[in-house]
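Contents: one structure, followed by commentary.
The values are calculated or read from the model by the stated rules, or taken from the named source; none is laboratory data. The structure presented is a predicted model; accordingly, all values stated were derived computationally and were not measured. Note: ideal-geometry Cβ built from the backbone for every residue, glycine included; neighbour counts use all protein chains shown. Ligands, DNA and RNA are stripped out before the accessible areas are found, and what is left, the full protein with its side chains, is counted by its heavy atoms. Shrake-Rupley method; radii C 1.70, N 1.55, O 1.52, S 1.80 Å.
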Amino acid sequence: MTEPEIDYAAVFQTLPGMVALLTPDLRFADANEEFLRGAGRTREQVIGHRLFDVFPENPQAGGSGGRNLSASLQRVLTTAERDAMALQRYDVQSSQRPGEWEERYWSPINAPVLGPDGRVVLIVHRVEEVTELIVARGAPDGSRTRILEAELYTRARELQEVNERLRQAHNREREVALALQEAMLPGPGDIGHHRAAVRYRPAVGALNVCGDWYDLVDLPGDRIAVAVGDVVGHGLHAAGVMGLLRSALSAASLVADGPAQALEVLGLYARSVTGAENATAVETYVDWDSHTLTYSSAGHLPPALLHVHGDVEFLDQATDPPLGARPEHVPRPQAATGFTEGDTLVLYTDGLVERRREDIDTGLDRLTQALTRHRGSDPEALADAILLDLLPPGGATDDTALLVVRL
């Protein structure tokens, strides 16, 4: 049985409510018949025009409806999340009598429509007019009905102010967490006499920073250890756990026989750290004397080895569950592969390759193509090119750590 074809354009036009579609620059892409009727505008007056040009704020009302609506729409564009607003007064200028304003009250909801890359491509702007409820036309002044409705409007405005204060508090926490995270991560630069590049990009629009990290350790002999990891959770606590795990792995790497043993020690330590459960990490030892990469992964995405001739090899032969995921201690697997002078090792966190509603293999294919395309670049240029090619233009919805080492 074949599924019936649905005319979504017709469905949109007949939706039982006022709904409009806005582009990211806040122009009307479409509006249903109910929206045009309730707003008192024709399709020609709306489609293709900017929202605040079609509906400017009443300069005599002295309200904040326009500012609040603009802030809500920007939050949707930034966070890619739905935003429900409190009741707003937003007067509408008469289309027949310019300069005359009609007192109006609205209950708006703004929701994102995401493209394949996770960016907001449209905003669904749905409004419900509640003017009659608030103004209570015909009710005597001082009536109980008018008092209750005024109280409802006041409480809605107070709720919006509380929500805004909460957003500001979250933003302050994000700034502190970012500063803490950056202070605990090693700075950019080469390790020993080898060339390396590191990058960290926080998620765009997220209220809290995540626990992504990277590390570089200079080992005895012509060897180094490089690692990346990801702590489950957000905010100051996740940043603190990240610092503990990174420091513990650095210390373990200096005395361990290899990355598997270092991750075993880290896993045992993670059991004693609240918030470290199910954190992921991958570590690779690079030995230039034997031209060997030895690696082990605790539930993390595989490092990529870019060969000088352009082929990309993912180091995925020693993958185990995340830190602290097993109730009993089990030795972790370890694998090794050779490399040629001029090859490039790339470690990264999931923000670089994972996208909503997309198979992880698609993201790994994008990484492969980017590495092959820029294989002649030095580590700094390659790191920048990878971020430019793989992260959405507006930024990713998850943190990204990236480490590039020229072998």
- Could you check VAL11 against (1) at pLDDT 85 or above; (2) surrounded by 13 or more Cβ atoms within 10 Å (Cβ to Cβ); (3) assigned to a helix (DSSP H, G or I) and say which number it fails? (2)
- Message: One residue is enough: does the stretch 99-117 have a residue meeting the conditions touching a Pro at 6+ places or on another chain (Cβ under 7 Å) and open to solvent by 40 Å² or more (accessible area, probe 1.4 Å)?
- Response: yes
- Message: I'd like to verify a number: residues in the stretch 364-376 that are surrounded by 13 or more Cβ atoms within 10 Å (Cβ to Cβ) and modelled with pLDDT under 90, how many?
- Response: 1
- Task: Test VAL241 against the criterion of being open to solvent by less than 10 Å² (accessible area, probe 1.4 Å), under 21 Å from ALA197 (Cβ atoms) and either among the β-branched types (Val, Ile, Thr) or assigned to a loop (DSSP other than H, G, I, E, B) (or both), and give yes or no.
- Result: no
- Note on the structure: Of the listed residues (ARG356, ARG332), the one being part of a loop (DSSP other than H, G, I, E, B), over 30 Å from SER272 (Cβ atoms) and open to solvent by 20 Å² or more (accessible area, probe 1.4 Å) is ARG356
- Starting from residues that are aliphatic (A, V, I, L, M) and open to solvent by 30 Å² or more (accessible area, probe 1.4 Å), keep the ones in the stretch 17-33 and report whichever is nearest to the chain's Cα centre (by Cα). LEU21
- Pick from the stretch 62-87, criterion surrounded by 15 or more Cβ atoms within 10 Å (Cβ to Cβ) and farther than 30 Å from GLY118 by Cα, ranking: modelled with the lowest pLDDT: GLY63
- Which ones in the stretch 272-289 are surrounded by 14 or more Cβ atoms within 10 Å (Cβ to Cβ) and over 11 Å from ILE224 (Cα atoms)? VAL273, GLY275, ALA276, GLU277, ASN278, ALA279, THR280, ALA281, VAL282
- Could you say whether any residue in the stretch 78-89 is part of a helix (DSSP H, G or I), free of Cβ contacts under 8 Å to residues at least 60 places away in the same chain and either in contact with an Asp or Glu (Cβ under 9 Å, 6 or more places away or on another chain) or hydroxyl-bearing (Ser, Thr, Tyr) (or both)? no
- Within the stretch 299-310, which residues are in contact (Cβ under 8 Å) with a residue 24 or more places away in the chain and in a loop (DSSP other than H, G, I, E, B)? HIS300, LEU301, PRO303, HIS307, VAL308, GLY310
- Residue identified as of a type outside the set (Val, Ile, Thr), under 25 Å from PRO259 (Cα atoms) and modelled with pLDDT under 90 among GLY338, GLY351: GLY351
- Among the candidates VAL308, VAL286, VAL255, VAL282, which residue alone is modelled with pLDDT of 90 or more, in contact with a helix residue (DSSP H, G or I) (Cβ under 9 Å, 6 or more places away or on another chain) and of a type in the set (Val, Ile, Thr)? VAL282
- Message: Looking at (1) open to solvent by 10 Å² or more (accessible area, probe 1.4 Å); (2) in contact with a Gly (Cβ under 6 Å, 6 or more places away or on another chain); (3) more than 21 Å from ARG195 (Cα to Cα), which one does VAL308 not meet, given that it meets all the others?
- Response: (3)
- Task: Give the residues of the stretch 317-335 that are more than 26 Å from VAL241 (Cα to Cα) and free of Cβ contacts under 8 Å to residues at least 40 places away in the same chain, sorted by residue number.
- Result: GLN317
- Which of the residues belonging to the stretch 38-74 are among the basic types (Lys, Arg) and in contact (Cβ under 8 Å) with a residue 12 or more places away in the chain? ARG41, ARG43, ARG50
- On the given criteria, is ALA281 at negative phi and assigned to a helix (DSSP H, G or I)? no
- Message: Tell me yes or no: at least one residue of the stretch 170-189 is open to solvent by 60 Å² or more (accessible area, probe 1.4 Å) and at pLDDT 80 or above.
- Response: no
